Amino acid sequence: MSLSVALCHRFGGFTLDVSFDAPPGVTVLFGHSGSGKSTVLNAVAGLLRPDEARVEVAGTVLADTTHRIHLPPHRRRLGVIFQDGRLFPHMTVRQNLRYGRWFSPHNARRTSEGAVVEMLGIGPLLDRAPATLSGGERQRVAIGRALLAEPRLILADEPLSALDDDRKAEILPYLERLRDDWRVPMLYVSHSPAEVARIATTVVMLDAGRITRMGPAAEVLSDPAAAGPGREAGAVIEATVTAHHPDGVTELRAGGLPLFLPTLAAPPGTRLRLRIAAADVMLARGRPEGLSALNILPGVVESVTDRGGAVLVRLSTDAGPILSRITRRSALQLGITPSEALTAVVKSVAHEAADVGRAPQAAARTPGKGQPFPMR
Amino acid sequence: MADWLSPAEWDALRLSLRVSFWATLVSLPFGLLTAHALARWRFPGHGLLNGLVHLPLVLPPVVTGYLLLLTFGRRGWMGQWLDQWFGIVFAFRWTGAVLAAAIMAFPLMVRAIRLSIEAVDPRLEQAAGTLGASPPWVWATVTLPLILPGVIAGAVLAFAKAMGEFGATITFVSNIPGQTQTLPSAIYTFLQVPGGEASAARLVMISVVVAMSALVASEWLARRAMRRVQGR
């Protein structure tokens with residue numbers, strides 16, 4: 001799959017001007033509300049007709065204003081997962097799931113209904129009416145409905161933002177399975193860094209209708225210049241589960257460095273993505289002694305960026321780049337300068353449940369083993 | 001045949017049922033189209049169409065009947081043309097009563113359908129489009145099922161209105177027993193002759209029962225339509 005998008009659209013004093021090529025996997029359009037990310041998604045879906053556009057998916061041109069091409073939404077074969085689910089209220093869950101099936105070409109039918117129902121765990125819901133479902137159940141059905149329409153690409157428009165944190169944690173593993181086990185290419189709109197950290201293969205950052213940064217997820221998220229304010233800044237590293245200790249700690253290894261987390265229900269060998277919020281990382285000179293924190297990562301300062309009252313320090317460690325947010329006073333007292341050796345101290349509890357997800361490459365490892373694990 | 005109604009009374013009731021049935025059935029497609037246009041489309045003349053549809057509701061029925069006579073009468077321009085090309089004659093026929101009843105009931109039908117269309121979330125139709133359904137399919141599989149109770153309510157209301165139509169009908173097609181003498185015309189005639197009160201009373205009772213059941217049914221269906229659209 002390849003997705004290539006070039007758009008230019010003006011409305012109400014706002015100009016959207018973006019152009020990007022998305023590699024396989026999940027491409028997240030990331031930005032604050034009003035940055036134009038949903039407009040891009042609507043233009044790709046054909047729900048909006050931009051002033052100038054060229055959209056190509058897997059070799060098929062869906063829109064090209066210079067050649068007066070604009071396929072209507074029903075001829076684009078893209079599965080959209082809307083924020084509010086948008087299940088048809090007059091149909092049962094089963095009828096909702098089969099809806100897109102009626103219109104998909106016979107030779108494109110690869111997805112089996114049984115497999116989708118099983119993967120999403122919606123078997124017991126099939127005869128229910130959408131109005132009787134919980135928000136999380138509704139969104140699972142919406143995922144299944146989009147998947148069964150045999151789309152060339154799935155478009156997800158903030159599919160979790162209408163849900164509370166527990167429901168988000170319930171749905172995220174399913175989206176990860178779409179990415180890893182089903183290998184469904186996805187264009188995903190989000191404003192939540194934690195969500196991006198878990199789901200993204202590629203991140204396209206948008207601000208005021210323009211792309212400010214684009215690249216592989218780990219690279220973009222650990223870039224101080226692209227980091228958001230407050231707890232939003234944080235780096236992503238990948239780690240492998242190595243052991244579960246009897247005292248309630250799971251040991252992981254990232255680039256040769258040991259990491260310790262409260263017990264995770266993932267078997268040893270599982271590759272995980274960890275998001276470490278910059279605010280949870282302290283910096284120390286030399287190796288600190290007598291600390292309650294378990295995770296101590298030696299590294300080298302790569303950059304020091306002043307960010308409105310605070311300082312973001314990017315540290316290169318064997319586990320990958322780590323971001324730390326410290327006060328300007330601490331930065332001055334420590335006298336931090338690029339290329340000097342420092343130690344990052346991460347409290348083991350600092351890894352939030354919603355911030356731990358499976359690494360995108362996980363599927364390549366053992367097919368059929370990708371059970372979503374409970375994260376409480 | 002039950003003998004609690006005289007043959008003349010039976011004739012009037014049968015004719016009224018036939019006229020109302022056809023008036024409702026024939027105007028339904030036009031009602032759907034007009035309601036959809038008024039609810040969803042923005043076009044020049046939107047307000048004019050809305051006004052025209054509602055005109056029979058506020059005009060004196062005798063005026064509507066007279067305008068119908070001018071247009072669809074034997075010498076009316078539409079009447080002449082339809083007679084010449086299709087052999088359809090409205091003047092002083094039961095078909096004319098159907099036309100008069102349909103025109104008079106049209107605003108009620110359009111209002112009910114329009115309200116139910118406006119209650120449908122267009123984002124559901126959008127979602128159906130992204131799943132591969134072309135606009136006609138979206139209409140048939142999403143819009144129509146969601147508005148169906150509203151459509152039925154509108155049709156029931158129109159039927160009841162057609163059963164009661166008097167002014168426009170009597171002006172347009174007169175009051176010919178067995179041809180154009182519907183229930184209200186028959187009641188009117190019975191009241192004009194001495195000793196006709198008993199016949200009139202029986203027909204009045206039938207009218208009241210038909211009108212009441214239609215209102216109750218329409219109300220119930222409208223409530224169901226709302227529940228359905230809200231997905232409960």
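The values are calculated or read from the model by the stated rules, or taken from the named source; none is laboratory data. Predicted model only: the values in this text are computed from it and were never measured. Glycine also receives a Cβ, built like all others from the backbone with ideal geometry; neighbour counts cover every protein chain displayed. Ligands, DNA and RNA are stripped out before the accessible areas are found, and what is left, the full protein with its side chains, is counted by its heavy atoms. Shrake-Rupley method; radii C 1.70, N 1.55, O 1.52, S 1.80 Å.
Things worth noting here:
- Within region A:90-122, the set of residues being open to solvent by 60 Å² or more (accessible area, probe 1.4 Å) and more than 8 Å from every other protein chain (Cβ to nearest Cβ) comprises A:Arg94, A:Gln95, A:Arg98, A:His106, A:Asn107, A:Arg109, A:Arg110, A:Glu118.
- Enumerated strands (runs of 3 or more DSSP E) restricted to region A:239-349, each holding at least 2 residues that are open to solvent by 40 Å² or more (accessible area, probe 1.4 Å): A:257-262, A:295-307, A:310-317, A:320-327
- Among the helices (runs of 4 or more DSSP H) confined to region B:101-204, the ones with at least 1 residues that are within 18 Å of the chain's Cα centre (by Cα) and over 30 Å from B:Pro60 (Cβ atoms) are located at B:144-164.
- Filtered residue count, region A:104-140, keeping only those that are in contact with a helix residue (DSSP H, G or I) (Cβ under 7 Å, 6 or more places away or on another chain) and part of a helix (DSSP H, G or I): 14
- Any hit, region B:116-123, residues being more than 14 Å from chain A (Cβ to nearest Cβ), touching a residue at least 40 places away in the same chain (Cβ under 8 Å) and crowded, with 24+ Cβ neighbours inside 10 Å: no
- Conditions (1) in contact (Cβ under 8 Å) with a residue 12 or more places away in the chain; (2) at the interface with chain A (Cβ under 10 Å from one of its Cβ atoms); number of the one not met by B:Ala127: (1)
- Any hit, region A:57-64, residues being within 14 Å of chain B (Cβ to nearest Cβ) and of a type in the set (Ser, Thr, Tyr): no
- Selection status of A:Ser316, at negative phi and touching a Lys or Arg at 6+ places or on another chain (Cβ under 9 Å): no
- Options A:Leu175, A:Leu160, A:Leu206, A:Leu187; residue that is assigned by TED's automatic domain parsing to the domain that holds A:Asp17, open to solvent by less than 20 Å² (accessible area, probe 1.4 Å), in a loop (DSSP other than H, G, I, E, B) and farther than 23 Å from A:Pro298 by Cα: A:Leu160
- From the options B:Thr169, B:Thr143, residue that is within 14 Å of another protein chain (Cβ to nearest Cβ) and of a type in the set (Ser, Thr, Tyr): B:Thr143
- Inter-residue pairs, beta-carbon under 6 Å, first more than 21 Å from A:Asp306 (Cβ to Cβ) and in region A:269-280, second polar (S, T, N, Q), 6+ apart: A:Arg271/A:Thr240
- Conditions (1) out of contact with any Lys or Arg (no Cβ under 8 Å at 6 or more places or on another chain); (2) modelled with pLDDT of 90 or more; (3) open to solvent by less than 50 Å² (accessible area, probe 1.4 Å); (4) not small (Gly, Ala, Ser): number failed by A:Leu87: (1)
Yes or no, residue by residue, for (1) within 30 Å of A:Ser4 (Cα to Cα); (2) in contact with a strand residue (DSSP E or B) (Cβ under 6 Å, 6 or more places away or on another chain):
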| site | (1), (2) |
| --- | --- |
| A:Gln95 | no, no |
| A:Tyr99 | yes, no |
| A:Thr132 | no, no |
| A:Pro151 | yes, yes |
| A:Ser161 | yes, no |
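- Selection within region B:201-232: residues that are of a type in the set (A, V, I, L, M) and under 25 Å from B:Arg93 (Cβ atoms). The member of this set that is surrounded by the most Cβ atoms within 10 Å (Cβ to Cβ) is B:Leu203.
- Output for region A:41-75, where each listed residue is closer than 16 Å to A:Leu3 by Cα, surrounded by 18 or more Cβ atoms within 10 Å (Cβ to Cβ) and in contact with a strand residue (DSSP E or B) (Cβ under 6 Å, 6 or more places away or on another chain): A:Leu41, A:Ala43, A:Val44, A:Ala45, A:Ala53, A:Arg54, A:Val55, A:Val57, A:Leu62, A:Ala63
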